[in-house]
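The values are calculated or read from the model by the stated rules, or taken from the named source; none is laboratory data. No experiment lies behind these values; they were computed from the predicted model shown. Please note: Cβ atoms are built from the backbone with ideal geometry, for glycine as well, and neighbour counts cover all protein chains shown. Only protein heavy atoms, including side chains, enter the accessible area calculation; ligands, DNA and RNA are left aside. Shrake-Rupley method; radii C 1.70, N 1.55, O 1.52, S 1.80 Å.
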There are 4 protein chains.
Amino acid sequence: MLWDSLRDARVIDLAHPMRRGMPQSPNHPPFRMTLERRHGDVVRADGGSAANEIIVTGAHAGTHIDALAHVSHDGLLHGGRPAADLQSHDGFRELGIETFTPYLGRVAVLDVAAAHGVEVLPAGYEVTPADLDKAAAGVSFSPGEAILVGTGWSRHWEDRDVFIGLTGGAPGPGADAARWLAAHRPRLVGAETIAFEHIPAGRGHAVLPGHRILLVESGIHIIETMRLTELLDTGVREALLVVSPLPIAGATGSPVRPLAVLP
Amino acid sequence: MLWDSLRDARVIDLAHPMRRGMPQSPNHPPFRMTLERRHGDVVRADGGSAANEIIVTGAHAGTHIDALAHVSHDGLLHGGRPAADLQSHDGFRELGIETFTPYLGRVAVLDVAAAHGVEVLPAGYEVTPADLDKAAAGVSFSPGEAILVGTGWSRHWEDRDVFIGLTGGAPGPGADAARWLAAHRPRLVGAETIAFEHIPAGRGHAVLPGHRILLVESGIHIIETMRLTELLDTGVREALLVVSPLPIAGATGSPVRPLAVLP
Amino acid sequence: MLWDSLRDARVIDLAHPMRRGMPQSPNHPPFRMTLERRHGDVVRADGGSAANEIIVTGAHAGTHIDALAHVSHDGLLHGGRPAADLQSHDGFRELGIETFTPYLGRVAVLDVAAAHGVEVLPAGYEVTPADLDKAAAGVSFSPGEAILVGTGWSRHWEDRDVFIGLTGGAPGPGADAARWLAAHRPRLVGAETIAFEHIPAGRGHAVLPGHRILLVESGIHIIETMRLTELLDTGVREALLVVSPLPIAGATGSPVRPLAVLP
Amino acid sequence: MLWDSLRDARVIDLAHPMRRGMPQSPNHPPFRMTLERRHGDVVRADGGSAANEIIVTGAHAGTHIDALAHVSHDGLLHGGRPAADLQSHDGFRELGIETFTPYLGRVAVLDVAAAHGVEVLPAGYEVTPADLDKAAAGVSFSPGEAILVGTGWSRHWEDRDVFIGLTGGAPGPGADAARWLAAHRPRLVGAETIAFEHIPAGRGHAVLPGHRILLVESGIHIIETMRLTELLDTGVREALLVVSPLPIAGATGSPVRPLAVLP
């Protein structure tokens, strides 16, 4: 049975733990979890007590997935949908993250850092089609599957300022690499940086061609701020990927804890 | 390969969509997602625009999992840990939901409603060991696996007042049934109601013996407010269950989107 | 000096205390204050410790004032400003509550309940121009001052369901009474109910003519959910009113703690 | 009458506008106001539309007042109250900000910057008793009144990093100056910096003797992050001060918009 084949599989957690102060984009509401009731505040007649919390966060905090509603171009969302017609106080009537069907399927792992013989690509490095070709040597692709692009950037997770890259930028696929990926028609792509983009030093998120090409033009979902370190260290080129984001109705994304299951 | 066996599997979403006003316990901060930037608010030089949101929620909102830190008894958490020593503004130093290893494994489905020949158990019905015995006929159990208890209650999801059960109560396992479950030593259990408990009419959450027995005494995680309708309708008695909650450091739980994969 | 004349003045607090679960409109995010750090969580080297909290709330929670940006009619805000041009992720570029100049001046107190010889007007009662005439007997008005309309409704504050009036409605000025008020050209008006409106039983906030007449057509600010009990009990017909709302840039309103100072 | 004497008085706003990204202590939840409904999202039958927002903030954000519950020393709040006994999920049972009686009374303005012949005191400057003596020359004090200490620091409001002073520190009263102030037995004191303290360069909020002396030992409330520029520029040494914070039950403080009324 299915579960028998999984019993001894190695499952790798591809999400960073979420905590106050973790690196995230300054464009989004910061994550904050605060205990509300602590044990002892309210004790039931039998001695029982329940603690709880309040969580305030953007959907694009921590390891998260972008819904197709997240980005528009010239006023249009994926499929030529006018964004203005679909957004309201209830969120997006179409293309919200609740419309993403959870993914359990094959993922191709393209380790560009390894292809360069380094643990981490330099800040501001643009991943090119040639890089992806090299990292993909011997890897097959099928439409509807997932592709992860490794840069090693999650090794900087504990160094907040470097990770965010406000001054130094962050490595990632440029427009050409985004087109390379889109041409393989994956259902979703993922990477370690806050934005699935090439962010040159000092430029910030001035333009996001990768988001346009993937989300708007191609309908491909993007997972960002992934913790790929452990997976990249295994050297595997393909795995089972599980992506089950919260079905937040009308939202432009969701925090998510993706898992890689090694064959 | 693993992914080949999954390609044509039926995947059933076991979570309710999360939206403002959905039924949830009044003991926890209500879920609310509000768009912050809408398309057109900030348009980049190239015509691109990104929408985003702010989310405020309790961890115990929508379909969610309880961490072992959630409940204490006489001041002690699971394993006899003094709750007062482990809780702070940073949440729980031990037993927070980030310590739950994502689960991919077998689940036994005990449909008590079906055992009674009904679609939904009556409000306030106490699920007994005899009920579980009957629903479990022919089902095997192994320690460390998952068990779901079907009451059909998620069929009331659209009827907020009934679902919450403030006046009428909700069906669920009483203390004896909780002990029955704990005796099978599962890693996690799940059900459709807001609390994994028998809630008699008008009593509210006065005492929660199920939580004490499962979380505190046995270290068994609980998933609540599951959308089991679709799974129960298939009649399967076992499936692959995927549970990958957000790794919110120190939190007493997390919203989660569990998946059942049918063999 | 100014302060000498105030030394022995009676100051009456016109705001309800803000706490989780207080009566408020279901149309707005519910107020919630949660302690974050408690004493003892972080103790400084010298034995000092600071507690703090996180507050989540709508601007229209508790005793609050409406900014002119709060309501539009046929797409236009006060002064014929197109609402769509002024609203963004930064709030309102014009007519936000930060543009309200704090008020320290005379207020006329029109106690309609007293004019009817009752402590509280019935739920769903429409305050008419004749009521206001009667309550205003002997009271003078000057443009730019404030007018409070007493209904006694704040006596229901502790009875949440009654106060909100979801089923029974709430007493308040109808369209004609709103015009009566606007004709006196006050800078602001205030009352005890959640909406400064006549809310018939079962109708809810289907239409809000008072808001249109006052905010949109006349540029008059509205204070709602005031605690007028103590002031009405004094029987004074005029007082000094102090209204200093939070200058939340671009917001449609703000919680506020107005004070009446008796002559 | 009272209001006649106020008609032509000059009222000075002593609060900074509150907006996302304004300078505030990193120890507290950041202020954020997000529009929820915008005009046009929900249009009533008559053409009316209401916009609203969600606000997330710490109580110690923007111009704000500290409740006596804010700081403890060796586990004790003001009056020797054990902090642990008074704090819960409902906030503080005693000494919360709702217990602060709104203040309308005289304030003495001690402009230490002017006493030094500068517009702004240097970052990290410690205000001494000698400074206060000099700034107070000719000013009388009465117990139960208010005292403001001007440093000119609010002139840095628009320069976030300087204002916060994480690296350079901020000017303010040292322990001796705090004792000088407490000896005059005011009901409240206020100043322009984030903490009413002398913060040397690079030390951060390691110890807060001023808070201990004023809040814990003396029961004197503190207003912080005041916008005193305009008031200091008038050169007045006394004024009427109005302080009416939100009555947030059990909170350790509240944003507030204090007003100075010039004689």
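Residues whose amide H falls under 5 Å from that of C:GLU145, counting only those 5 or more places apart or on a different chain, are C:ARG187, with hydrogens built in the peptide plane. Using C-alpha pairs below 8 Å separated by at least 6 residues, the relative contact order for chain B is 29 percent. Rolling a 1.4 Å probe across all protein chains gives C:THR234 an accessible area of roughly 40 Å². Label point of D:LEU262 (7 Å along Cα→beta-carbon): distances to the other copies' equivalent points are 3.3, 7.4, 7.9 nm, sorted ascending. Across the range A:79-87, rounded Karplus estimates of 3J(HN,Hα) from the backbone phi angles (6.51 cos²θ - 1.76 cosθ + 1.60, θ = phi - 60°) give x, x, 6, x, 4, 4, 7, 10, 9 Hz, Gly and Pro being marked x. Take the Cα coordinates of the protein assembly as shown, assign each an equal point scatterer, and use the Debye formula without solvent to give log10 I(q)/I(0) at q = 0.04, 0.07 Å⁻¹. Summing over Cα pairs of the protein assembly as shown leads to -0.21, -0.66. Per-residue Karplus couplings for the range A:97-108, computed as 6.51 cos²θ - 1.76 cosθ + 1.60 with θ equal to phi - 60°, are listed in order as 5, 5, 8, 6, 6, x, 9, 10, x, 6, 10, 9 Hz, Gly and Pro entered as x. Assign one of three labels to the range C:108-263, namely rounded, prolate or oblate, based on the Cα gyration tensor with a ≥ b ≥ c the square roots of its eigenvalues; rounded applies when a/c is under 1.5, prolate when it is not and a/b is larger than b/c, and oblate otherwise. Cα axes put the range C:108-263 in the rounded bin. Peptide A:236-249 has a mean of 6 when you count, residue by residue, the C-beta atoms of other protein chains within 10 Å of its C-beta.
Of all DSSP bridge pairs formed entirely within chain B, close to 65 percent run antiparallel.
With the simple model of a label 7 Å out from the Cα in the direction of the Cβ, B:ARG185 to D:ASP159 spans 6.7 nm. Label-point distances for B:LYS134 to the equivalent site in the other copies, using a point 7 angstrom along Cα→C-beta, read 6.6, 6.8, 8.9 nm when ranked shortest first.
For the range D:247-263, the Karplus equation 6.51 cos²θ - 1.76 cosθ + 1.60, evaluated at θ = phi - 60°, returns couplings of x, 7, 4, x, 7, 8, x, 7, x, 8, 10, x, 10, 10, 10, 7, x Hz by residue, with Gly and Pro reported as x. In the context of the full set of protein chains, residues of the range C:54-192 present 35 Å² of accessible surface per residue (probe radius 1.4 Å, heavy atoms only). If both residues of a DSSP beta bridge must be in the range A:44-151, then about 50% of such bridges are antiparallel. Computed over protein heavy atoms with a 1.4 Å probe, the carbon and sulfur contribution to the accessible area of chain D reaches 51%. For the range B:126-213, the percent of C-alpha pairs falling in each 10 Å distance bin, counted from 0 to the bin holding the largest distance, reads 18, 49, 27, 6.
Kirkwood hydrodynamic radius computed over the range B:137-183 comes to 12.9 Å, based on all pairs of distinct alpha carbons. For the range A:113-263, give me the percentage of DSSP beta bridges that are antiparallel, rounded to the nearest 5 percent. Taking every DSSP beta bridge with both residues in the range A:113-263, the antiparallel ones total about 30 percent.
In terms of Cα atoms, the Rg and Dmax of chain B work out to 19.2, 67 Å.
D:PRO30 sits among other residues whose Cβ lies under 9 Å from its own Cβ, and their net charge, with Lys and Arg +1 and Asp and Glu -1, is +3.
In this structure, the amide hydrogen of D:ILE199, modeled 1.01 Å from its nitrogen in the peptide plane, lies closer than 5 angstrom to those of D:GLY124, D:ALA170, D:GLY172, counting only residues at least 5 positions away or on a different chain. Could you tell me what % of all Cα pairs in the range C:180-249 have separations over 14 Å? Result: 68 percent of Cα pairs exceed 14 Å. Distances between equivalent label points of D:ASN27 across the copies, with each point positioned 7 Å along Cα→Cβ, amount to 3.3, 3.4, 4.0 nm, shortest listed first. Seen from every direction in turn and averaged, the convex hull around the alpha carbons of the range B:1-155 projects onto 16.2 nm². The distance separating the Cα centre of the range D:20-83 from that of the range B:1-76 comes to 23 Å.
The H on the amide N of B:SER254, modeled in the peptide plane, is under 5 Å from the matching H of B:ILE65, B:ALA67, each at least 5 residues off or on a different chain. Each residue, D:VAL43 and A:MET1, gets one label point 7 Å from its Cα in the Cβ direction; the gap between the two is 5.7 nm.
When both the range A:84-112 and the range C:221-255 are represented by their alpha-carbon centers, they are found 46 Å apart. Counted by Cβ distance under 12 Å from A:LEU132, the other residues give a net charge of -3, where Lys and Arg count +1 and Asp and Glu count -1. Put simply, chains A and B cover up around 7000 Å² of each other's accessible surface, both sides summed, when a 1.4 Å probe is used. Between D:ALA130 and C:ASP85, the FRET efficiency estimated from the beta carbon spacing at R0 = 51 angstrom works out to 0.40. Considering every alpha-carbon pair of the range D:158-202, the percent of pairs per 10 Å bin, from zero through the bin containing the longest distance, is 28, 46, 22, 5. Local charge for D:ARG212 was computed over the other residues whose Cβ lies under 14 Å away, with Lys and Arg +1 and Asp and Glu -1, and equals -4.
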